[in-house]
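All of the numbers you see were taken from the coordinates with simple rules; none came from a lab. Everything numeric in this text was worked out from a predicted model, so none of it was measured. Cβ placement follows ideal geometry from the backbone for every residue including glycine, while neighbour counts extend to all protein chains displayed.
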Amino acid sequence: MRAITIHNGKWSSDEGLICPAPASNETTVAVRYAGICGTDLALADGYYDFEGIPGHEFVGVAESGPLQGQRVVADINFGCRQCDLCLGGMSKHCQARNVLGIKQAPGVFAERVNVPTQNLHRVNDDLVDELAVLAEPVAAALQVLDLMPESTPEKVVVIGAGRLGLLVAHVLASAGWQVQVLVRRPARVKHLQNRDIQVVTQLSPATVPWVVDCSGSVEGFTTALSSLRPRGTLVLKSTLVDLAGVDLSPVMVKELQVRGSRCGDIDRALSWLAAGHLTPFSTQCYGFSEIDAALAAARQPEYFKILLSPER
């Protein structure tokens, strides 16, 4: 089969790879589309010592198992199913977990991939591929709602107008929150589909009750700490690996709450997408042999999502 691989930090398009036969608890999926996300770009920059086939956002068709012939997406965390965390419904925190295309599990930048059958979710016929491929990041965005108070529509600010930040903004707006998005790159604004979401370019200090930081940057994190009012809440939605030199005293002085949020429920995401909260975003599709051009395009604001297709 054809696939995109990372070896020694270098990306390449490889042919003649073999997709192993699925294990008894796995289903082979033929990938239709795979999306490039911020984590994949971080892998390209050497963020994590990954070797093999990356990619975790996808929609495909099951070639075996109980969902054979059906379009599917997947929960990307493969827990051991035996530890206390897995048995308690927190398999995404399993200490022995593998993560699709990120940690010890071949990803979806390939013609085929084997996925634990329990992790697959059927896509309804009326949901187009261009939205189904967003199920994983939408699930992550929806997870933010579980951290928000029941009362709405108190204002919440999303810092970072990247792909995840925009999805979080749409999710919060769909739940009735008054949403502002702090934008540093104006070109990203065109991807906002909900016109009730307000775009801002700066925040006043100590005025915001809730901030969701999707910036993935130290600058975004420090802006969040500054803008939060006393006893405000920061939901950290992106990975920051180096906070050396960052002044964390506002957390104590203003008695802030800092909450982490990661992956979410895939079925919940599929239902939200099927409800029509989004229409297909502007995308560009590349073949596997065009991976360098695809990675370059994914860093630009012109397109909301860059897709890879093994059929091109």
Report task. Net charge near A140: determine it from the other residues with C-beta under 15 Å of the C-beta of A140, scoring Lys and Arg +1 and Asp and Glu -1. Result -> -1
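Filter the chain for me: DSSP H helices, axial length by Cα at least 30 angstrom, mean Kyte-Doolittle hydropathy not below 1.0. List them by residue number.
Long hydrophobic helices here: none detected.
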Query - D14 paired with Q284, simple spin-label distance in nm, labels 7 Å along Cα-to-beta-carbon - result: 2.7
Query raised in the report: What is the extension gain from T239 to R299, computed as 0.36 nm multiplied by their sequence separation minus the C-alpha to C-alpha distance, in nm to one decimal?
Result: 19.9 nm
Report summary line: Label model pair V246, E51: point-to-point distance (7 angstrom along the Cα→beta-carbon line) in nm is 3.1
Query raised in the report: For region 247-302, how big is the tail of P(r) above 14 Å, as a whole percent of Cα pairs?
Result: 75
Requested in this report: Above 25 angstrom, tally the Cα pairs of region 140-260 and express them as a % of all pairs, no decimals.
Outcome: 14
Query - Percent breakdown of C-alpha pair distances by 5 Å bin, ordered from the shortest bin, for region 99-190 - result: 2, 11, 17, 18, 17, 14, 12, 7, 2, 0
Query - Cross-link partners of K305 among lysines (Cα-Cα below 17 Å; sequence separation of 8 or more within a chain) - result: K190
Report summary line: Expressed in nanometres to one decimal, the distance between label points 7 Å along Cα→Cβ at S217 and R312 is 2.7
Report task. Any chance you could list P(r) for region 58-118, counting all Cα-Cα pairs in 10 angstrom bins from zero, rounded to whole %? Result -> 23, 46, 28, 2
Report summary line: Hydrodynamic radius by Kirkwood for the chain, inverse mean 1/r across distinct Cα pairs, in Å, is 20.2
Query raised in the report: So how much slack lies between A96 and M1, counting 0.36 nm per residue of separation and subtracting their Cα-Cα distance, in nm?
Result: 31.3 nm
